[in-house]
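K.L.:
Can you read through this structure? Questions will come right after.
The values are calculated or read from the model by the stated rules, or taken from the named source; none is laboratory data. Source: prediction; values computed, not measured. Cβ coordinates were reconstructed from backbone atoms using ideal geometry, including for glycine residues, and neighbour counts include every protein chain displayed. Quick note on the areas: whole protein, heavy atoms, side chains included, nothing else; ligands and nucleic acids left out. Shrake-Rupley method; radii C 1.70, N 1.55, O 1.52, S 1.80 Å.
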Amino acid sequence: TLRKSLASSSVQVELLTGSLTAARRRECLKKIAAGKVDLVVGTQALLSDKIEFPKLGLVIVDEQHKFGVLQRAKLRVEEHQPHYLVLSATPIPRTIAMTEFGDLDVSVIREKPPGRAPVKSYISQHHELDSWWRFVEGKLKEGRQAFVIAPRVGATESSPADSEPTTKTEEAATAEGVFRELQSDVFQHRNIGLLHGRMSGAEKEAALRAFAEGEFELLVATTVVEVGIDVPNATVMTILDANRLGLSQLHQLRGRVGRGSLPGFACAVASAGCDAEEHERLKAF
């Protein structure tokens with residue numbers, strides 16, 4: 001996105017992630033150390049001791065709740081003491097402590113960007129899914145796109161992917177299983193994509209690109225899509241076994257729809273073993 005926005009400028013933008021080849025990584029580090037890169041975007045790979053920033057002036061940490069305290073402090077000990085901006089749509093206790101006791105000025109964005117439509121949220125049970133799928137089909141007929149989220153990748157996992165610990169013994173929905181089921185039954189006439197953390201970087205990028213370009217009408221995924229996905233035409237979010245996920249995850253997932261002028265719809269589908277406390281969390285969501 002930054003490369004597209006800055007295409008007509010002289011700003012040099014580079015990407016640094018752990019999935020780069022050794023040769024590409026060496027080339028990128030060399031350019032950074034030589035001061036030939038103005039803006040570096042990356043994952044935790046940017047926190048490596050091997051990276052030399054000659055004139056680091058600004059550090060921006062997006063989705064700061066995904067980083068540990070020491071990780072967030074790593075780039076603040078540079079010789080030049082860079083300006084430091086942390087962002088999060090999911091306030092966490094550490095953030096509150098920093099605002100109260102740390103050297104941190106706080107800005108709160110209380111409104112959505114101009115032109116954003118509202119998102120309606122619902123709670124559903126598994127036995128009501130047929131009705132919900134008909135609603136989803138109606139939106140697909142209008143030319144919209146949809147997400148379907150499952151807490152696990154496949155049946156071989158012992159616990160939900162990227163979710164909070166659970167004592168539930170029944171099987172959670174899996175992305176691979178839901179993908180096969182929808183592809184062979186309810187949405188067999190639709191183009192469906194699959195995205196999860198076990199896929200290679202190239203496979204994930206290809207799936208996201210196909211969804212963003214409208215090739216896939218429906219994307220089945222794990223919580224890997226909870227951040228960084230911006231597809232304004234995607235207006236429907238179905239979260240299966242939603243009670244297995246944390247409140248911040250549900251919040252982030254809902255943020256994937258309603259990103260344009262069209263209204264969004266999010267449905268948290270509770271599993272059969274959803275207890276009273278979990279149901280209260282879904283009601284709060």
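K.L.:
For the stretch 97-104, indicate whether the set of residues that are at pLDDT 70 or above and under 22 Å from Pro232 (Cβ atoms) is non-empty.
P.N.:
Checked the stretch 97-104: no residue is at pLDDT 70 or above and under 22 Å from Pro232 (Cβ atoms).
K.L.:
Exactly one condition in (1) in a strand (DSSP E or B); (2) modelled with pLDDT under 85 is not met by Ile51; state its number.
P.N.:
Status for Ile51: all satisfied but (1).
K.L.:
Does Val225 fit the bill of being open to solvent by less than 10 Å² (accessible area, probe 1.4 Å), at negative phi and touching a Ser or Thr at 6+ places or on another chain (Cβ under 7 Å)?
P.N.:
The answer is no for Val225.
K.L.:
Can I ask one more? Does at least one position in the stretch 263-284 carry a residue that is assigned to a helix (DSSP H, G or I) and open to solvent by less than 10 Å² (accessible area, probe 1.4 Å)?
P.N.:
yes
K.L.:
Out of all the residues in the stretch 207-217, which are surrounded by 15 or more Cβ atoms within 10 Å (Cβ to Cβ) and out of contact with any helix residue (DSSP H, G or I) (no Cβ under 7 Å at 6 or more places or on another chain)?
P.N.:
Answer for the stretch 207-217, where residues must be surrounded by 15 or more Cβ atoms within 10 Å (Cβ to Cβ) and out of contact with any helix residue (DSSP H, G or I) (no Cβ under 7 Å at 6 or more places or on another chain): Ala207, Leu208, Ala210, Phe211, Ala212.
K.L.:
With the checklist (1) in contact with a Pro (Cβ under 8 Å, 6 or more places away or on another chain); (2) assigned to a loop (DSSP other than H, G, I, E, B) in hand, flag the one item Ser8 doesn't pass.
P.N.:
Among (1) in contact with a Pro (Cβ under 8 Å, 6 or more places away or on another chain); (2) assigned to a loop (DSSP other than H, G, I, E, B), Ser8 violates only (1).
K.L.:
Exactly one condition in (1) within 14 Å of the chain's Cα centre (by Cα); (2) open to solvent by 10 Å² or more (accessible area, probe 1.4 Å); (3) within 22 Å of His126 (Cα to Cα) is false for Ile239; which is it?
P.N.:
The one condition Ile239 does not meet is (2).
K.L.:
Check the stretch 249-259 and report whether any residue there is open to solvent by less than 60 Å² (accessible area, probe 1.4 Å), out of contact with any Lys or Arg (no Cβ under 7 Å at 6 or more places or on another chain) and without any contact (Cβ under 8 Å) to a residue 40 or more places away in the chain.
P.N.:
Yes, the conditions are met somewhere in the stretch 249-259.
K.L.:
Sticking with this one: Does Val41 satisfy being at pLDDT 80 or above, touching an Asp or Glu at 6+ places or on another chain (Cβ under 8 Å) and part of a loop (DSSP other than H, G, I, E, B)?
P.N.:
No; evaluated as a whole, the condition is false for this residue.
K.L.:
Let me ask you something else. Please go through (1) open to solvent by 10 Å² or more (accessible area, probe 1.4 Å); (2) modelled with pLDDT under 95 for Gly154 and return the number of the only condition it doesn't satisfy.
P.N.:
Condition not satisfied by Gly154: (1).
K.L.:
Could you count how many residues in the stretch 172-205 are part of a helix (DSSP H, G or I) and under 16 Å from the mean Cα position of the chain (by Cα)?
P.N.:
Of the residues in the stretch 172-205, 4 are part of a helix (DSSP H, G or I) and under 16 Å from the mean Cα position of the chain (by Cα).
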